[in-house]
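Here is the structure we will look at.
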Amino acid sequence: MLRYLTAGESHGPQLTAIVEGIPAGLHISEESINADLARRQCGYGRGGRMLIEKDRVEILSGVRWGETIGSPVTLCVKNRDWVNWQEKMSPYEIHRDDKIRVTRSRPGHADLPGAMKYAQRDVRNILERSSARETAVRVAVGAVAKVFLARFGISVCGFVAELGGIKATRPELPLARLKELAADSALFTWDADAETEMKGLIDRMREAGDTVGGVIEVVVSGVPVGLGSHVQWDRKLDARLAMALMSIQAIKGVEIGLGFDAARNPGSRVHDEIYYESSRIVHGERTGFYRKSNNAGGIEGGISNGEEIVVRAAMKPIPTLYQPLRSVDIDTKEPFEATVERSDVCAVPAASVVAEAVVAIEIANLFLEKFGGDSVAEAQRNFEGYLDYLRTF
């Protein structure tokens, strides 16, 4: 079982993740993780903090000479802005200064419900941890998960499928080519015409002091039949993916495959018919069973069916606006304009990298639940034996 915890605040000294369950013998490097951290900080519509933070990971445990050793892996991402916050976010009582308390809660954030739940009179004690800055270290964990999955031919790719109502049309191209198109796009999308429209919308939102959200699509290829299970609610693959995606800050909806459109069409247009061709196995496929459509998004009954897994997540607009919304001071109860804590107009491209990471983590987790292995070599033997079984089913 793969599990992890994150710790740290937005303006604290660092963000930390401890990852348990990575098998021994996996080659990982800080450079491979840093590539994904850099992607998270890119994207048209990002704000000023991205000029301050140039995220880089430090591997503090669980890896020796570039290879995991089976013990927990500790990943750390330093906050470079910490130098300006050492007293404001100090753990020591001597630095307490109630004059800098934040008492104006921002609409759309965890500020007010968090302050009420944890009995805090300083909203900063909530907003620091609830900030999307936390996702930096989750991207680092996801990068490790992707390295592990790649050993077994599994690829995870995130894209921007829609922004502010502007939909990108997915071309009929192999996933590897779609990934190349997204890598060349400032909005991590595969549709150049839609990207031009999206950029124009972001520019207009910036001028208006407003923000814009969108829809992220994550595609996973190479997943074998059999990840997840129908036997308990918390073992279902789609349920696990939905929970992981909904845990990302600002995500308000998730759909798999056809998603909500499955409720708007008759069954004859929804369900994927099943075919069998023995020659597929000869040509290197893992099974002779296949489908000509993928409305199910690669998951049936909570179990992967061998097709591409396709999952989408809806991200709301960033709630902090340069044309602030109205709020109420938690001390005086007087109305105020909400304070500004960040300056992004659109963070949907960055969220696609985070979504890619959390999906990779869940796929890796379910892979290890299925195949086990204290070492990568043991997991490989178990996996290859299972593929042999699938080819003769």
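The values are calculated or read from the model by the stated rules, or taken from the named source; none is laboratory data. Keep in mind the model is a prediction, meaning the values are calculated, not measured. Cβ placement follows ideal geometry from the backbone for every residue including glycine, while neighbour counts extend to all protein chains displayed.
General observations
- From the options Val270, Val223, Val282, residue that is among the β-branched types (Val, Ile, Thr), farther than 30 Å from Leu127 by Cβ and exposed (fewer than 12 other Cβ atoms within 10 Å of the Cβ): Val282
- Helices (runs of 4 or more DSSP H) wholly inside segment 278-393 containing at least 2 residues that are among the basic types (Lys, Arg): 376-391
- All positions within segment 153-179 that are among the hydroxyl-bearing types (Ser, Thr, Tyr) and either in contact with a strand residue (DSSP E or B) (Cβ under 9 Å, 6 or more places away or on another chain) or assigned to a strand (DSSP E or B) (or both): Ser155
- Pairs are defined by a Cβ separation below 8 Å, a sequence spacing of at least 6 or placement on different chains, a first member in segment 362-378 that is free of Cβ contacts under 8 Å to residues at least 40 places away in the same chain, and a second member that is of a type outside the set (Phe, Trp, Tyr); the pairs so defined are Phe371/Ala379; Phe371/Asn382; Gly372/Glu378; Gly372/Ala379; Gly372/Asn382.
- Subset of segment 136-159 that is in contact (Cβ under 8 Å) with a residue 60 or more places away in the chain and more than 18 Å from Ala244 (Cα to Cα) - its residue that is surrounded by the most Cβ atoms within 10 Å (Cβ to Cβ): Phe148
- Hits in segment 227-254 (condition: assigned to a loop (DSSP other than H, G, I, E, B) and buried (at least 18 other Cβ atoms within 10 Å of the Cβ)): Leu227, Lys236, Ile248, Gln249, Ala250
- Filter result for Pro349 (more than 29 Å from Val147 (Cβ to Cβ) and either touching a residue at least 40 places away in the same chain (Cβ under 8 Å) or surrounded by fewer than 17 Cβ atoms within 10 Å (Cβ to Cβ) (or both)): no
- Per the conditions (1) in contact (Cβ under 8 Å) with a residue 24 or more places away in the chain; (2) within 25 Å of the chain's Cα centre (by Cα); (3) at negative phi, the sole criterion not satisfied by Gly62 is (3).
- Check on Gly298, small (Gly, Ala, Ser), in contact with a strand residue (DSSP E or B) (Cβ under 8 Å, 6 or more places away or on another chain), touching a residue at least 40 places away in the same chain (Cβ under 8 Å) and crowded, with 21+ Cβ neighbours inside 10 Å: yes
- Within segment 93-144, the set of residues being closer than 30 Å to Ala360 by Cβ and of a type in the set (Lys, Arg) comprises Arg129, Arg133, Arg138.
- Qualifying residue in segment 187-198 (condition: surrounded by fewer than 18 Cβ atoms within 10 Å (Cβ to Cβ) and in contact (Cβ under 8 Å) with a residue 60 or more places away in the chain): no
- Among the residues listed as Tyr275, Tyr322, the single one being of a type in the set (Ser, Thr, Tyr) and at pLDDT below 95: Tyr322
- Filtering Asp344, Asp329 for residues that are within 28 Å of Pro113 (Cα to Cα) and in contact with a Phe, Trp or Tyr (Cβ under 7 Å, 6 or more places away or on another chain) leaves a single hit, Asp329.
- Members of segment 255-277 found to be in contact with a helix residue (DSSP H, G or I) (Cβ under 9 Å, 6 or more places away or on another chain), among the β-branched types (Val, Ile, Thr) and not in a loop (DSSP other than H, G, I, E, B), listed by number: Ile256
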